[in-house]
1. Residues that are aromatic (Phe, Trp, Tyr) and open to solvent by less than 80 Å² (accessible area, probe 1.4 Å): list the helices (runs of 4 or more DSSP H) wholly contained in segment B:47-141 that include at least 2 such residues.
2. Looking for something part of a helix (DSSP H, G or I), buried (at least 23 other Cβ atoms within 10 Å of the Cβ) and under 23 Å from the mean Cα position of the chain (by Cα) - is there at least one such residue anywhere in segment B:239-251?
3. Of all residues in segment A:25-62, which are at pLDDT 85 or above, closer than 22 Å to residue A:76 by Cβ and surrounded by 14 or more Cβ atoms within 10 Å (Cβ to Cβ)?
4. If only one of B:219, B:233, B:175 is charged (D, E, K, R), more than 14 Å from chain A (Cβ to nearest Cβ) and under 20 Å from the mean Cα position of the chain (by Cα), which one is it?
5. Just for segment A:136-159: of the residues that are closer than 20 Å to residue A:105 by Cα and of a type in the set (Gly, Ala, Ser), which one is least open to solvent (accessible area, probe 1.4 Å)?
6. With respect to the numbered conditions (1) under 17 Å from the mean Cα position of the chain (by Cα); (2) under 25 Å from residue A:31 (Cβ atoms), which one is the sole condition not fulfilled by residue A:204?
7. What is the number of the single condition among (1) at pLDDT 90 or above; (2) more than 30 Å from residue B:49 (Cα to Cα); (3) surrounded by 14 or more Cβ atoms within 10 Å (Cβ to Cβ) that residue A:91 does not meet?
8. Can you tell me how many residues within segment B:121-130 are more than 16 Å from residue B:19 (Cα to Cα) and either hydrophobic (A, V, I, L, M, F, W, C) or modelled with pLDDT under 95 (or both)?
Amino acid sequence: MSDAHTDNHTDDHGDASQDTRAGEHLVNIPPFSPYILGRQLWTDALLRWGALVVLAGALGYLLAMEQQGSLVYSLGAVGLIMGWIALGLISARVARQLPHIAASIEIEPDEGEHLLSWALKRRPLMRWVRLVLYHRLAVLRHHQRRYGEVVGICEAVVSYPLGPAEDSRPSLLLLLTETYLEMRHLPGAYTALLRLHALPLSLIESLQRLTLQTRYEILAGHYAAAMANVNQKVQMAELMPAHQCGAMHVMLAAAARLSKRDDLSNHLWQRAKLFCTRKQLEQVWGLGNF
Amino acid sequence: MNQANKPSWSGPTAGQLAEHIQRHAPRGLPWWSTWLPLLLLVLAGVLAMVVAGPWGAALPWLLMGGVFILLLQRGQLARRLERNTISLQELAMLRNFAQALRKSWLLLPRLVVNPMLHLRAVTVIAHCLDQLKAFDAAIVGYDYLVEHLPPEHPTALQAKAQRAIASLCADHLVDGDDTLRQLRQPMAQLADTPVAATYRLGQLVQNVRTGHYTDAIADSEQLCAQLRPLGVDAGYGHALMALCYYHGRLDDQNAARASASRWWQTARMLLPGSVMVDRFPELAVLGEIS
């Protein structure tokens, strides 16, 4: 698979939003390859540390030549410092665009993809910045229902240490779990859920995991597990936004019906109708779309 | 601890909250703190040029090391403050309002360096005060949010809608009416959102507090759908509509009582009766019809 990221020699000056305002054709990112990601990370590391080694080596040479008090040595030291700052500024500039990229993906996916394409072409990037960019790409692909690619991206990204972006790991695993469930790939969903259970989660992440786990249990036919601690699950569901609360009630109602607990099922279904519109209920229930 | 020994809760007054927010107003990082890393690096460069001997070689590197440690600590502090703010929001979500209020009160002085986190903490404070029925102090918090957010921002509109409800609950009927009037136009664009649902609840509270029961009944057809985005909190709206049918002077009192009973039963599917009566004491009369 060709590395389209290095084939495109676009103008590096100006940020991505200026490129878009100039009316440039929106760029699509080619399909994901873990090999390309690994190569990009390796190239970033080589550029960053290689530059540092070269500059430090030059300074070491000057020291060895007993030039430590000379102007050349001083300028070399300053150059090393400024060079290291310049390398970091590239990552800082991209990191500043991350919220804008995330918002664009939600509102205008094509624009979001173009911004991502711009960001991914920058070099060298810090490892965590590039991995977060791929996280955003996974979200974009999920919106585009390219689930195979989402799985590839998430599995690849979580295999690396995320450094300062370690807090993103639960979000990646939640996305991975949901994608496996959309694909009806239950073993993958199970593995991803196991990994989630090993991580400390925030309240909102815990609620999302609960929803995905309930969905998995129903798809896998584990109705008893879905019904375990149902009162507590209902209380947790009440903390979710209305639509998700309703979806959770629909799933629990289905599990209750399949567990021959019709009274509970009716009660949960009546509650679900108070949280969801008819259309939302049909989306969750009528198609068996758990 | 029995009821006799339980200390009575005395939250902050409106004046105390105003003073606390003013004393700990957000100011971001001081200018010298923002420029400190760059200044130290420039100093390192200058030292490399002017200081001779082994100190001239070593000092710049020590300074660079110091800058890296400073940036690392600053990043860790920012992440710690973010985590602490998230934990406040989680406590409020779990309805531990007193604890969330206390922690956010204590955390606010440390959040002056981050205006966004500061706003989130004030949001938690205002919400908790509202739920703990310290309405005058809650209004101070909501006013702060409205002043410091863009006028059309969803959080600002939500704060305004909740401010209206708090004003009505505190018997500031004119104030509440004014706030609801200001929200009429923006709400037209926000149908089916939690903000619009909060506004609708505010209108219902206004109808009840001003005794306009028949007006509320006349608008009741879409109420269920309008309150749906509130999730379980829609129960308050259903209960207030039950109260309107209970008190409303309608031609067919038997049908009115039946409607009141239906709305009250729906409300109790969402929230316990005691919780709703605690929030709106006038609902206590509905205990007769259940």
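1. Answer list for segment B:47-141: B:97-107.
2. Yes - at least one qualifying residue is present in segment B:239-251.
3. Within segment A:25-62, A:47, A:48 qualify.
4. Of B:219, B:233, B:175, the one residue that is charged (D, E, K, R), more than 14 Å from chain A (Cβ to nearest Cβ) and under 20 Å from the mean Cα position of the chain (by Cα) is B:175.
5. Here the answer is A:138.
6. Every listed condition holds for residue A:204 apart from (2).
7. Going through (1) at pLDDT 90 or above; (2) more than 30 Å from residue B:49 (Cα to Cα); (3) surrounded by 14 or more Cβ atoms within 10 Å (Cβ to Cβ) one by one, residue A:91 breaks only (2).
8. Of the residues in segment B:121-130, 2 are more than 16 Å from residue B:19 (Cα to Cα) and either hydrophobic (A, V, I, L, M, F, W, C) or modelled with pLDDT under 95 (or both).
The values are calculated or read from the model by the stated rules, or taken from the named source; none is laboratory data. None of these values were measured; they are calculated from a predicted model. Positions of Cβ are backbone-derived with ideal geometry, glycine not excepted, and every protein chain shown enters the neighbour counts. Just so you know, the surface numbers come from the protein's heavy atoms only, side chains and all, with ligands and any DNA or RNA stripped out. Shrake-Rupley method; radii C 1.70, N 1.55, O 1.52, S 1.80 Å.
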